[in-house]
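Participant: Okay, here's the structure, questions in a sec.
The values are calculated or read from the model by the stated rules, or taken from the named source; none is laboratory data. None of these values were measured; they are calculated from a predicted model. Backbone-built Cβ (ideal geometry, glycine too); neighbour counts: all protein chains shown.
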Amino acid sequence: MLCRADEIAEGKGRGFEFRHHDPVFVVRWRGALYAYRNFCPHQGTTLDWKPDAFFAPDGQHLMCATHAAWFDPDTGLCVGGPCLGAHLKPAAIAVDEDGMVRLEKLMG
């Protein structure tokens with residue numbers, strides 16, 4: 001279990017680290033939850049510039065803190081910056097009947 005779904009507000013995110021898996025983050029965008037591995041496709045650095053800070057100042061894109069690559073929150077597509085056209089690697093999540101977010105598997 002990662003967290004309760006209602007703990008992630010609209011336009012916000014939350015990062016998670018594991019002992020034996022890549023770190024992931026979950027964001028809420030336009031009412032839906034999206035999860036990605038917390039690695040920028042440009043150089044493999046984590047996106048957040050401080051814990052749980054994944055959105056760019058415009059509030060419309062995810063942003064890598066290292067080189068300011070911008071990503072669509074719902075597709076993970078890089079729409080600006082040094083890795084233009086690349087994608088964040090998605091992580092499959094599910095929300096159970098109790099409202100808990102579960103990591104199903106890392107993809108890509």
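Participant: Restricting to segment 95-108, count the residues that are modelled with pLDDT under 95 and either surrounded by 15 or more Cβ atoms within 10 Å (Cβ to Cβ) or assigned to a loop (DSSP other than H, G, I, E, B) (or both).
Facilitator: 4
Participant: With (1) of a type in the set (D, E); (2) under 16 Å from P90 (Cα atoms); (3) at pLDDT 95 or above as the list, and D52 as the residue in question, which single condition is left unmet?
Facilitator: Looking at each condition in turn, D52 falls short on (2).
Participant: Which of the residues that make up segment 64-98 are under 23 Å from D6 (Cα atoms), among the aliphatic types (A, V, I, L, M) and out of contact with any helix residue (DSSP H, G or I) (no Cβ under 6 Å at 6 or more places or on another chain)?
Facilitator: Residues satisfying the conditions are A91, A92, I93, A94.
Participant: Just to verify a result, which residue in segment 63-94, among those that are more than 16 Å from the chain's Cα centre (by Cα) and loosely packed, with under 14 Cβ neighbours inside 10 Å, is modelled with the lowest pLDDT?
Facilitator: Per the criteria, the residue is H67.
Participant: Being within 12 Å of the chain's Cα centre (by Cα) and charged (D, E, K, R) is the filter here, so list the residues in segment 23-33 that pass it.
Facilitator: Across segment 23-33, the qualifying residue is only R28.
Participant: Now for a different question. Assuming Y36 fulfils every condition listed in (1) in contact with a Gly (Cβ under 7 Å, 6 or more places away or on another chain); (2) without any contact (Cβ under 8 Å) to a residue 40 or more places away in the chain apart from one, which condition is it?
Facilitator: (2)
Participant: I would also like to ask the following. Would you be able to say whether some residue in segment 27-44 is under 17 Å from V101 (Cβ atoms), aromatic (F, W, Y) and outside any strand (DSSP E or B)?
Facilitator: No, because not a single residue in segment 27-44 is under 17 Å from V101 (Cβ atoms), aromatic (F, W, Y) and outside any strand (DSSP E or B).
Participant: Separate question: What pairs come up if the first residue lies in segment 49-72 and is under 12 Å from H87 (Cα atoms) and of a type in the set (F, W, Y), the second is at pLDDT 95 or above and outside any loop (DSSP other than H, G, I, E, B), and their beta carbons are under 6 Å apart, counting only those six or more places apart or on different chains?
Facilitator: Sorted first by the residue in segment 49-72, then by its partner, the pairs are W70/M63; W70/V79; W70/G80; F71/L62; F71/C78.
Participant: For D22, state whether it is out of contact with any helix residue (DSSP H, G or I) (no Cβ under 8 Å at 6 or more places or on another chain), assigned to a loop (DSSP other than H, G, I, E, B) and surrounded by 16 or more Cβ atoms within 10 Å (Cβ to Cβ).
Facilitator: The answer is no for D22.
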